[in-house]
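I have placed the structure first, in the form of structure tokens, so that the comments after it can refer back to it.
The values are calculated or read from the model by the stated rules, or taken from the named source; none is laboratory data. Since this is a predicted model, take the numbers as computed values, not measurements. No Cβ is skipped: glycine too gets one built from the backbone with ideal geometry, and neighbour counts run over all protein chains shown. In case anyone asks, the SASA skips ligands and DNA or RNA and just uses the protein heavy atoms, side chains included. Shrake-Rupley method; radii C 1.70, N 1.55, O 1.52, S 1.80 Å.
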Amino acid sequence: MIAAVAVVATGTALLTGCGSDGDSGAADGGAAGGEQITLRIGTFGSFGYDDATGAKLYAEYEKTHPNIKIEESNVADGQKYWDTLKLRLSRDSGLADIQALEVGYIAEATGPAMADKWTDLGTTGGADLGAFLDWKVKQATTGDGKVIGLGTDIGPMAICYNKDLFAQAKLPTDRTEVAGLWAGDWAKFIETGEAYKKNAPAGTAFHDSASGLFNAVISSQPVQYANTKGELDYENSPGVKKAWDTAVAAAKGELTGKP
């Protein structure tokens, strides 16, 4: 059994490429004379927007915009999706009208090498930037002020914990007290894991996996896989180092159920 799990809702953004293919028209349904258009959206993983297994948001949008037909192309592997997207951007061909982007790549997307590949949503009209948190808008803003994407979420994180196991390990069980154990400090999270281990019920672990902990830590870091110039530089990233060191400490300390 697992005592605590860090759950991260990975942040994403929706961007419009300058070289999108096809006669798709305006995303706001403003095609002249109600012209029928196809809006192509590229996503990765499981976004949950689709009509088959998701929240049926496409169907809802099509209902209020009868001249628009949405077609989604989805790639299960996020890394393959990003690699393909970069290739298509370099060729200025094969892009969807709207492309989803994992927020971990946003620094690279807004960097000098790619900044001019996107449509500036701040000047094209139709985007209510005021409806988004300032810091979220800034994430997708280039050095010269172009807003290339709109955030789908803010990437919140939560810790789910087993109150019974915490009680048996002589740790607090009240949510406020538990939050205070490691608030703002992943090193304290590891210390809490060590305290749990001292009195842990047999056959249990403090955290589910080292890889899961790595993902949680890296998602909370201001600098992740790209540097401030938007260049891929994970080898020198303080965020990657912190996430790695934390995950390794948990694994070596036998605080995780699996690697």
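Computed with a 1.4 Å probe over protein heavy atoms only, the accessible area of E62 comes to about 40 Å². In a reduced charge model with +1 at each Lys and Arg Cβ and -1 at each Asp and Glu Cβ, the chain shows a dipole moment near 860 debye about its Cα centre. In the context of the full protein assembly, Y105 retains an accessible surface of approximately 40 Å², using a probe radius of 1.4 Å and ignoring ligands and nucleic acids. Here the dipole of the range 121-220 is about 160 debye; that uses its Cα centre as origin and unit charges on the Cβ of Lys and Arg (positive) and Asp and Glu (negative). Accessible area per residue was computed with a 1.4 Å probe on protein heavy atoms; E102 scores about 40 Å².
In the neighborhood of T110, defined by Cβ-to-Cβ distances under 12 Å, what is the net charge if each Lys or Arg adds +1 and each Asp or Glu adds -1?
Details: positive: K117, K138, K146, K229; negative: E108, D116, D120, D144, E231.
Residues near T110 contribute -1 overall.
When the charge dipole of the chain is built from unit charges on Cβ atoms (+1 for Lys and Arg, -1 for Asp and Glu) and taken about the Cα centre, the candidate among M157, A249, T64 whose Cα reaches farthest toward its positive end is A249.
The 1.4 Å probe gives accessible areas that order T142, T38, largest first, as T38, T142. When volume of the Cα convex hull per residue in Å³ is calculated for this entry, the matching label among (i) 136; (ii) 148; (iii) 115 is (ii).
Got the relative contact order for the chain handy, in percent, Cα pairs under 8 Å and 6 or more residues apart? Each step should come with its number before you reach the end.
Working: 442 pairs, mean separation 65.7, N = 259.
Normalised by residue count, the contact order of the chain is 25 percent.
Residues in the range 164-177 carry Karplus couplings, in order, of 5, 5, 4, 5, 5, 8, 6, 10, x, 10, 5, 4, 5, 5 Hz; the curve used is 6.51 cos²θ - 1.76 cosθ + 1.60 with θ = phi - 60°, and Gly or Pro positions show x. Solvent-accessible surface of protein heavy atoms, probed at 1.4 angstrom with all chains present, puts R175, R91, R40 in the order R175, R91, R40, largest first. The H on the amide N of E72, modeled in the peptide plane, is under 5 Å from the matching H of I41, each at least 5 residues off or on a different chain.
For D116 and E191, the difference between the fully extended length at 0.36 nm per residue and the C-alpha to C-alpha distance is 22.4 nm.
Taking each of K197/K258; K86/K136; K229/K252; K198/K241; K188/K229 in turn, the alpha-carbon distance tops 24 angstrom for K229/K252; K198/K241; K188/K229.
The residue list L89, P238, F206 was ranked by how far each Cα lies along the charge dipole of the chain toward its positive end, using unit charges on Cβ atoms, and F206 comes out on top.
Largest accessible area first, the residues T53, T192 order themselves as T53, T192 under a 1.4 Å probe with ligands, DNA and RNA left out.
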